[in-house]
Structures are given as C-alpha cells and as structure tokens.
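Below is one structure, written out as structure tokens; the observations come after it.
The values are calculated or read from the model by the stated rules, or taken from the named source; none is laboratory data. As the structure is a computational prediction, the values presented were derived from the model and not from experiment. Here the Cβ is made from the backbone with ideal geometry for all residues, glycine too, and neighbour counts use every protein chain on show.
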Amino acid sequence: MTRDHVDLQPLNTLRVPAMAEHFAEVTVSSQLEGLLAHARSNRWPITVLGEGSNVVLGNVLPGLVLLQRCKGISVLEEDDSRARVQVAAGENWHSFVRWCLERGYLGLENLALIPGSVGAAPIQNIGAYGVEVGEFIETVHCRLLPNGEHKVLDRGACDFGYRDSVFKRDLSDATLIESVTFQLPKAREPVTSYPTLANYLEAYDIVDPDAQQVFEAVVEIRSNRLPDPAELPNVGSFFKNPVLAEEAFTSLAAGHPGVPHYDDPVGHKIPAAWLIEQCGFKRREGAVRVHADHALVIINPEHRPAGEIVALARDIVGAVQARFGILLEQEPRRYGIFEQ
Ligand SMILES: Cc1cc2nc3c(=O)[nH]c(=O)nc-3n(C[C@H](O)[C@H](O)[C@H](O)COP(=O)(O)OP(=O)(O)OC[C@H]3O[C@@H](n4cnc5c(N)ncnc54)[C@H](O)[C@@H]3O)c2cc1C
C-alpha cells in the first residue's frame, strides 16, 4: 500500500533532490481510509502533494507523502445561466480551464496555464490577470488529517484572500482536499483591466474580447513571460507582492520616489520583482539564481538541493528588508528536512 524511500525529484517542479520516507499515490478515495489509519498507527506525519509546482522540498520528507491523483469531473446542475461542477482534486488545473471554456462555462479563462492540480487551487486561492479562483468556488470537500473525517467548507469558510485561505492558516496542512465544486456563469463580462492583459489586447486590436480570446491572450502572455518549469525548473513567483497600508506606503514613497504600485481595496501592492531587482539580484551567474527576465522567479537549472534555494531566498529577504524595510513573504510552501 505504501512504498519506502521514494524519489520526489520528478514530482516537484524545482527539481530539487528529495526523498519521501513513505509514499502512496491516491487514485481512488476508498484508499484513503486505510492509508490514514496506517499513518496514524505509525505516528507518521502526512504531507499532501499535487503536481509539486508550489513547494520547496527538503532532502528528506519524514512520514507519509500522499500524492493526490484522483480524477473525475461531474456537472451537478446546469441551467441557462450557470453550471455547478464538481472536480476531483487530482485533475490538472489548465485542462479543467479548457474543459470549461469548451462547454461555455466562464470565468476561469484568466487563470489559464497556471500549473498544478485542481485540489491545490483553493490552498493559495490561485490568481492571475485580475481574477482569483475563490470567486468561483462553492465548496471544498476534504478529509481532516489524520483522522479521515469528511469536512465540507463553503466559500465563506475558506476565507479566501490574496494568495491565501484558511488552508494556509487554521487548517494549514491539516486536510487532504478530495474535490472542489465550482459555480460557473454562462454569461459574464470578461475581466481585461489587468495592465499586461489590457496592453496585449490593445496591441492586437482586440476590442470586446470574448472568454476564448482572453484565454488565448493569457496563454500567449504567460508562455512568453514565464519560464516553463519543464525546461527551467522553478515554482513561479517565489514571493508574494507585499501589500502596504497608507502610512507605510507614504513613507516608502517618500524615500523611494517612483516606486511602482498597484492600488486595490486591500492597500498598495508593491511588485516584489521590482524590490528584488533594485537589490541587484537579477543577474545570470550562480547555479541557483533569480531569472534574468523575471526577478520574482528563482530558477534551479542544475537541480541543486533546496538548501541552496532557501539560502538565496534568505539573502533576498534580508536585502529587501534592509533597503526598503519590507518583509517579503515566501509563496511556495516548505516541507521536510533541509540540508545545505
Ligand atoms: C511557472 C509557474 C507559474 C505559476 N503561476 C501562478 C499564478 O499565476 N498564480 C498562482 O496563484 N500560482 C501560480 N503558480 C503556483 C502554482 O501553480 C499554484 O500554487 C498551484 O495551485 C499549485 O498546484 P500543485 O498541484 O502543483 O500543488 P503542490 O505544489 O503540489 O502543493 C502546493 C500546496 O498545496 C497543498 N496541496 C496540494 N494538493 C492538495 C490537496 N489535494 N489537498 C490538500 N492540500 C494540497 C500542498 O500540501 C502544498 O501546501 C505558478 C507556478 C509555476 C511553476
């Protein structure tokens, strides 16, 4: 039922060498009862992995690593205005976005090409180009670790925020998500206000785009801007963009006139990439380094151990804090034991 000493290097997009003490791939929910009982009786801690595109894994992950690979999409209900769709956690996110568009279920087109699984989407409330997934989530069905109790959280209980949810706070690493139910409209004005997307549409003279055109634009922009983890190992943005309240922003702007910022209801969002670039990290040398075109992305072309990535991240956080007084928060989550 479980395997020992399993290599996790192919299962994380940073391609760091990592080993699971014990490992199981979950393909049907009925396996879970036994696996959780087995972990409980052995007092193994449990780590859940999807497609490994937002984790930094240490050399060894003690206990049991569960790879969530359950598949299946069911339309629970559909009328002229919307569809309710339940999706198993192991489905690939981008394939699901495409599936929705093919059926005229709208809203997720701005989130095209985000790597990873459907089950991980609620964890950090994935977002891109002005849209966050939480808006479309009706319920999240999960099991509490390690007792296996079923729990259904509605959108309110998920408490979604910017790259944040209850799954990163009160329920941090305490659940295995089995499926997510989405409510998707069939008519919706596409969201095109995000500057990169708006500029792209303008450059190609696309006026009043439909969801399919937004999807295609997002795919094109992302393919040009972000390194493909299959070619250049990375986990996307390594840090969240800091959000400053009025007073903190005024004092930052006084010391650093011209600091870029996007204002939204939560405050002034400062591009972490700009802060990192100002501190001189956007350079090409080093086995583990900041991407030359995208300072928010740490790349690991030589498949070095996670300790080296953590060390670079620590240097970046220290430099940004010393220069700007801003504490960057890491986006990918860390698991296991780290050795340099
Ligand atoms: C090139 C690139 C671009 C990216 N762009 C974006 C972006 O634009 N916006 C964005 O929001 N993110 C982005 N990401 C981050 C990543 O794609 C998302 O966080 C994605 O949701 C991670 O999915 P995953 O299946 O790979 O999760 P993993 O990396 O396997 O896991 C991430 C976290 O979720 C937990 N988890 C995973 N599955 C489950 C489950 N079934 N039950 C409980 N917990 C689970 C894990 O324990 C871990 O804490 C990007 C990553 C890359 C590599």
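The single residue among LEU113, LEU101, LEU14, LEU106 that is out of contact with any strand residue (DSSP E or B) (no Cβ under 7 Å at 6 or more places or on another chain), in contact (Cβ under 8 Å) with a residue 24 or more places away in the chain and part of a loop (DSSP other than H, G, I, E, B) turns out to be LEU113. Here is a check on your reading of the model: is GLU91 under 30 Å from ASP4 (Cα atoms), out of contact with any Pro (no Cβ under 8 Å at 6 or more places or on another chain) and in the same structural domain as ALA174 (by TED's automatic domain parsing)? Criteria met by GLU91. Of all residues in the stretch 144-161, those that are surrounded by fewer than 16 Cβ atoms within 10 Å (Cβ to Cβ) and not in a strand (DSSP E or B) total 4. Counting residues in the stretch 46-68 that are within 14 Å of the chain's Cα centre (by Cα), under 27 Å from LEU145 (Cβ atoms), surrounded by fewer than 21 Cβ atoms within 10 Å (Cβ to Cβ) and within 8 Å of the ligand (Cβ to nearest atom) gives one or more.
Quickly run through the stretch 282-292 and pick out the residues that are modelled with pLDDT of 90 or more and of a type in the set (D, E, K, R).
ARG289
All told, GLY286 meets the bar of being of a type in the set (Gly, Ala, Ser), surrounded by fewer than 19 Cβ atoms within 10 Å (Cβ to Cβ), in a loop (DSSP other than H, G, I, E, B) and touching a residue at least 24 places away in the same chain (Cβ under 8 Å). Among the residues of the stretch 225-239, those that are under 18 Å from ALA112 (Cβ atoms) and more than 6 Å from the ligand (Cβ to nearest atom) comprise ARG225, PRO227, ASP228, ALA230, SER237.
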